[in-house]
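Everything on this sheet refers to the single structure shown next.
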Amino acid sequence: MRAAFFAGESQVKVRQVPQPEPRPGEALLRMRASALCGSELHAYRGHKPGENIPGHEMVGEVVAANGARGVTMGERVAVQIMSGCGKCLHCLAGAPEHCAERLLHTGGYAEYVALPAECCLPLPREITWEEGVLLGGDTIGTPYHALRRLGLSAADTVAVFGCGPVGLGALALLRFLGARTFAVEPIGYRRELARRLGAEVAIDPTAEDPVGGIKELTGGRGVDVAVDCSGVAATTGVALDSAGIYGRVAFIGEKQQATIRPSPQFIRKELTVIGSWYFTGADYFRILALYKRGLDVSGLITHRFPLEEADQAFATFASGQSGKVLIVQESG
């Protein structure tokens, strides 16, 4: 089968490899669509070629199963990429991403992938492959998990920092939920996309002070909710400074360190601050319910490429001049 690999120095190579055989309890999926994720850019830009097939946002069709329970031949599925031991507190609570023995399953940039059956979530036939890879992947699942934990309502005013795919997914959700929303993003292409996805104002932090701009837009109060989807350390303090008294803040964008000032930034404002990483299987079914009620994710996709053009797909995505970029192996 054909599969794409990171070749080092911002290159992707497609080559022939053996088709995987599902182990006991696994299903073999024929890939239909995969989505590029910002978390992959570090490996893409790295110096060493990757040994494993990347790609962790994926949807496909079950074509074989090795004693796997809960899947049927021909079933359309989205993939929740983390599996755990199945017996610990976190697994039994439906959050295998926190299991000490968790496994992260990749391989979406290929024609076929073998995965534990427990990772396969049913994708209704009325949902296209392209919509499914957004609804069942990081783009919608990750921000939905954070917004649900924050108890967001239509009465809230929200600022989203960083309009990569997860930030744009947050904007699509916020538009559906009816919240007043601002976006903060340095790349002009993505600011325009943020406006099309429902941001009332999209602020360029390289041209103006985003905290001052948000305070002006909110009558000096600050926002009720700040969602930091950026991988840049500086947005940590900006998100905290933008939140008003009794505000809520979610940190989603991965960053190893940042400087904060606890007393003025959140203690004296009595903020609620959470970290939010991935999403659960239960979240996925809640997202499907929102989709059936009108959640529109189609505007998030800006580019589509076949598997053979994975190198061009990543070059486009890494340029920042894109929204969500998909590798599509069959539409519909």
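The values are calculated or read from the model by the stated rules, or taken from the named source; none is laboratory data. Since this is a predicted model, take the numbers as computed values, not measurements. Neighbour counts run over all protein chains shown; Cβ positions are idealised from the backbone, glycine included. Remember, those area values only see protein heavy atoms, side chains included, never the ligands or the DNA or RNA. Shrake-Rupley method; radii C 1.70, N 1.55, O 1.52, S 1.80 Å.
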- Among the residues of region 174-199, the number that are among the β-branched types (Val, Ile, Thr), within 16 Å of Val223 (Cα to Cα) and open to solvent by 30 Å² or more (accessible area, probe 1.4 Å) is 0
- Would you call Pro20 open to solvent by less than 20 Å² (accessible area, probe 1.4 Å), part of a loop (DSSP other than H, G, I, E, B) and under 24 Å from Gly136 (Cα atoms)? no
- Within region 76-104, residues being open to solvent by 40 Å² or more (accessible area, probe 1.4 Å) and over 20 Å from the mean Cα position of the chain (by Cα) number 9
- Item | Candidate set: region 118-154, residues that are without any contact (Cβ under 8 Å) to a residue 60 or more places away in the chain and hydrophobic (A, V, I, L, M, F, W, C); chosen: the one surrounded by the most Cβ atoms within 10 Å (Cβ to Cβ) | Cys119
- Can you pull out the residues in region 222-253 that are touching a residue at least 60 places away in the same chain (Cβ under 8 Å) and not aliphatic (A, V, I, L, M)? Asp224, Asp228, Cys229, Ser230, Gly231, Thr235, Ser242, Arg248, Gly253
- Message: Yes or no: region 311-331 includes at least one residue that is in contact (Cβ under 8 Å) with a residue 40 or more places away in the chain, over 20 Å from Leu168 (Cα atoms) and out of contact with any strand residue (DSSP E or B) (no Cβ under 7 Å at 6 or more places or on another chain).
- Response: yes
- Scanning region 163-173 for residues that are open to solvent by 10 Å² or more (accessible area, probe 1.4 Å) and assigned to a loop (DSSP other than H, G, I, E, B) gives Gly164
- Task: Considering only region 31-52, state which residues are more than 21 Å from Tyr278 (Cα to Cα) and either of a type outside the set (D, E, K, R) or open to solvent by 90 Å² or more (accessible area, probe 1.4 Å) (or both).
- Result: Met31, Tyr44, Arg45, Gly46, His47, Lys48, Pro49, Gly50, Glu51, Asn52
- Query: So which pairs qualify, if the first residue must be in region 269-284 and of a type in the set (Lys, Arg), the second must be open to solvent by 20 Å² or more (accessible area, probe 1.4 Å) and part of a strand (DSSP E or B), the Cβ gap must be under 8 Å, and the two must be at least 6 apart or on different chains?
  - Reply: Lys269/Ile245; Lys269/Tyr246
- Query: Among the residues of region 155-169, is any more than 20 Å from Ile301 (Cα to Cα) and of a type in the set (Asp, Glu)?
  - Reply: yes
